[in-house]
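These notes concern the structure reproduced below.
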Amino acid sequence: MPRTEPPTSETTQPFWDATRDQQLVVQWCCECDRPIAYPREVCPFCAATVLEWRPSEGRGKLYSFTVEHKTPSPVAGAEGPYAIGLVDLDEGVRLMSNIVNCPVSELAVGMAVRITWELLSDGRHLPLFEPA
């Protein structure tokens, strides 16, 4: 079954456009110089509206994870067991994504991870993480 693909919006379009080239970008506030995740129109720290996108190396540490043993829906695109993790990127933001290419029994909080990509039907790529 194909994966349910994420929608785009005017706010998230630069993020998804970058994934077409397998580049991870993080939104930053130009006023307080802080990274922002998830994409927004206003900085959650200082309420500034001047935001930009900066490249990320796509490296970080696994902050937390859960293992799902059963797929919630046939269109979810994953078969159990699979891991959903919170990843603290080196740039200072936390992202939620699947952790792949690792047996779930070997996952550990604090393990180093790096980005990997899954091609979507429209040419975008879904950011996933694997052990570094």
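The values are calculated or read from the model by the stated rules, or taken from the named source; none is laboratory data. No experiment lies behind these values; they were computed from the predicted model shown. All Cβ positions, even for glycine, are placed from backbone atoms using ideal geometry, and neighbour counts span all protein chains on display. Side chains included, ligands, DNA and RNA excluded: accessible areas come from the protein's heavy atoms. Shrake-Rupley method; radii C 1.70, N 1.55, O 1.52, S 1.80 Å.
Any chance you could count how many residues in region 18-34 are more than 15 Å from Leu95 (Cβ to Cβ) and either touching a residue at least 12 places away in the same chain (Cβ under 8 Å) or open to solvent by less than 60 Å² (accessible area, probe 1.4 Å) (or both)?
7
Given the criteria among the small types (Gly, Ala, Ser) and in contact with a Cys (Cβ under 6 Å, 6 or more places away or on another chain), does Ala48 qualify? Break it down stepwise before answering.
On the way: among the small types (Gly, Ala, Ser): yes; in contact with a Cys (Cβ under 6 Å, 6 or more places away or on another chain): yes.
Judged against the criteria, Ala48 is a match.
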Across (1) open to solvent by less than 30 Å² (accessible area, probe 1.4 Å); (2) modelled with pLDDT under 95, Leu128 clears everything bar (2)
Scan region 61-68 and give yes if some residue there is modelled with pLDDT of 95 or more, touching a Pro at 6+ places or on another chain (Cβ under 9 Å) and among the polar types (S, T, N, Q), otherwise no. no
Residue among Glu5, Glu68, Glu57, Glu10 that alone is over 22 Å from Ala83 (Cβ atoms) and charged (D, E, K, R): Glu10
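Among the residues in region 104-114, are any under 19 Å from His125 (Cα atoms), among the small types (Gly, Ala, Ser) and open to solvent by less than 50 Å² (accessible area, probe 1.4 Å)? Walk me through how you get there before you give the answer.
So in region 104-114, the residues under 19 Å from His125 (Cα atoms) come out as 113-114.
Narrowing the set further to residues that are among the small types (Gly, Ala, Ser) leaves none.
No, that holds for no residue.
Restricted to region 35-71, and to residues that are of a type in the set (Gly, Ala, Ser) and open to solvent by less than 60 Å² (accessible area, probe 1.4 Å), which residue is farthest from Glu10 (Cα to Cα)? Explain how you work it out, then say what you get.
Step one: list which residues in region 35-71 are of a type in the set (Gly, Ala, Ser), which gives 37, 47-48, 56, 58, 60, 64.
From what's left, open to solvent by less than 60 Å² (accessible area, probe 1.4 Å): 37, 48, 56, 58, 60, 64.
Details: Ala37: 16, Ala48: 18, Ser56: 21, Gly58: 23, Gly60: 27, Ser64: 30 Å.
Residue satisfying both the conditions and the ranking: Ser64.
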